[in-house]
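Reading through the structure tokens given below for one structure.
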Amino acid sequence: MEFTDLGLSEPILKALSAKKYTAPTPIQQKAIPVLLQGHDLCGIAQTGTGKTAAFALPSLDYFARNPKPTPLRGCRMLVLSPTRELAAQIAQSFRDYGRFLKLSVETVFGGVPINRQIKALSQGVDIVVATPGRLLDLIDQKAFTLDKVEVLVLDEADQMLDLGFIHALRRISQLVPEDRQTLFFSATMPKQIQELVGKYCRNPVKVSVTPESSTA
């Protein structure tokens, strides 16, 4: 199978071709068709399986086919990440894959001045990649709202639990619209993660892959 077989829009295929990406990984083969149909998804996948593209490509395709103005002090897509390093990587992937689309991407995490982020978000952004703590700081300052989120991604959910973000995640789940698409990724599925899936997702399609380097 190649990316051209998945039904992705031309600007995205052009960006993939520029990066010399031709064949999707197993998680991409399983997830992208499901997400293009608008289903919620629960993916068991570890780092190194290609899951960022598995959620970025169909989401970018959705925005390419459904252009809208960015919501004031809000976003159309929110990606939650456990660390600032991962958030920065995910945001760069969105910029790379969406390079031929006119979409704005911003990161939100601690360790940088919050006023700079408030200014960057004030006119609205298409895609925000955030760590939960700084995101809630912005919401508490009335500088950002989640009431226009159309696509929500929780990446590395078990790592977010390990870092103590469970209460932040529960709170965020109450701030996003019920009518949205939710993409949930975790390397493991303990009881607390299953509870989060129940809170966030509606009848999610479940996909599972192991890293290509793993041994029996």
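Out of Asp147, Asp162, Asp137, any idea which swings most in a Gaussian network model of the chain, alpha carbons joined below 10 Å?
Per the Cα network of the chain with a 10 Å cutoff, Asp162 tops the list.
Between beta-carbons, use under 9 Å as the cut-off and find the net charge around Thr182, counting Lys and Arg +1, Asp and Glu -1. Present the calculation step by step, with values, prior to reporting the outcome.
Numbers: positive: Arg180, Arg202; negative: Asp40.
Cβ neighbours under 9 Å give a net charge of +1.
Can you work out the FRET efficiency for the pair Glu195 and Glu85, with r the C-beta to C-beta distance and R0 = 22 Å, to the nearest 0.05?
Working: r = 27 Å, r/R0 = 1.22.
Result of the calculation: an efficiency of 0.25.
What is the local net charge at Arg76, summed over the other residues whose Cβ is closer than 9 Å to its Cβ (Lys, Arg +1; Asp, Glu -1)? All intermediate terms of the calculation are to be shown ahead of the outcome.
Details: positive: Lys68, Lys148; negative: Asp126, Glu150.
So the environment of Arg76 carries a net charge of 0.
Give, in whole angstrom and from largest to smallest, the semi-axes √(5λ) of the equivalent ellipsoid of region 7-69, with λ running over the eigenvalues of the Cα gyration tensor.
Equivalent ellipsoid of region 7-69: 19, 16, 9 Å, largest first.
Please work out how much length the chain gains when fully extended from His167 to Val112, using 0.36 nm per residue of separation minus the C-alpha to C-alpha distance, in nm with one decimal. Could you put the intermediate results ahead of the total?
On the way: separation 55, 0.36 × 55 = 19.80 nm, distance 2.30 nm.
My answer for the length gained is 17.5 nm.
I want to check the label-to-label distance for Thr47 and Thr4. Put each point 7 Å from Cα in the C-beta direction and report it in nm to one decimal.
Result for the modelled spin labels: 3.4 nm.
So, R0 is 35 Å and r is the distance between the beta-carbons of Lys206 and Asp96; what FRET efficiency does that work out to, to 0.05? Before the final figure, lay out each step's value.
On the way: r = 28 Å, r/R0 = 0.80.
Efficiency computed from Cβ-Cβ geometry: 0.80.
So for the chain, what are the equivalent ellipsoid semi-axes in whole Å, largest first, each being the square root of 5 times an eigenvalue of the Cα gyration tensor?
On the way: eigenvalues 125, 91, 49 Å².
After scaling each eigenvalue by five and taking roots: 25, 21, 16 Å.
Under the definition of Cα pairs under 8 Å and six or more residues apart, what whole-number percent is the relative contact order of region 41-136? Could the numbers behind the result be given before it?
Details: 121 pairs, mean separation 35.8, N = 96.
Result for region 41-136 is 37 percent.
If you find the alpha carbon centre of region 1-77 and of region 147-188, how far apart are they in angstrom?
18 Å
How many Å² of accessible area per residue for the chain, probe 1.4 Å? Write out the running numbers ahead of the final one.
Values: 10310 Å² over 216 residues.
Per residue, the chain has an accessible area of 48 Å².
How high is the relative contact order of the chain? Use alpha-carbon pairs under 8 Å, at least six apart in sequence, and give a whole percent.
Details: 384 pairs, mean separation 62.2, N = 216.
Relative contact order for the chain comes out at 29 percent.
Calculated from DSSP H runs of 4 or more alone, at -39500 (n - 2.57) each and per residue, what is the 222 nm mean residue ellipticity of the chain, nearest 500?
Values: 9 runs with 92 residues, N = 216.
For the chain, the value works out to -12500 deg cm²/dmol.
Give me the lysines in straight-line cross-link reach of Lys142: C-alpha distance below 28 Å, same-chain residues under 8 apart excluded.
Lys68, Lys102, Lys119, Lys199
At Lys68 and Lys119, where each label point lies 7 Å from the Cα along Cα→Cβ, what is the point-to-point distance in nanometres?
Once both label points are built, they end up 2.9 nm from each other.
Quick one: net charge around Leu152, please, counting Lys, Arg +1 and Asp, Glu -1 for every other residue with C-beta under 13 Å from its C-beta. Can you show the working numbers first?
Details: positive: Arg76, Lys148, Arg180, Lys199, Arg202; negative: Asp40, Asp147, Glu150, Asp155, Glu178, Asp179.
After counting each charged neighbour, the total is -1.
Per 0.36 nm of contour for each residue apart, how much would the distance between Ala23 and Asp147 grow if the chain were fully extended, relative to their Cα-Cα spacing? Kindly include the intermediate steps, with their values, before the conclusion.
Numbers: separation 124, 0.36 × 124 = 44.64 nm, distance 3.61 nm.
Stretched out fully, the Ala23 to Asp147 stretch lengthens by 41.0 nm.
For region 109-216, which whole-number percentage of the solvent-accessible area (1.4 Å probe, protein heavy atoms only) is attributable to carbon and sulfur atoms?
On the way: 2660 of 5420 Å².
C and S atoms contribute 49 percent here.
The values are calculated or read from the model by the stated rules, or taken from the named source; none is laboratory data. What you see is a predicted model, and the numbers here were worked out from it, not measured in a lab. All Cβ positions, even for glycine, are placed from backbone atoms using ideal geometry, and neighbour counts span all protein chains on display. Ligands, DNA and RNA are excluded from the accessible area calculation, which covers all protein heavy atoms including side chains. Shrake-Rupley method; radii C 1.70, N 1.55, O 1.52, S 1.80 Å.
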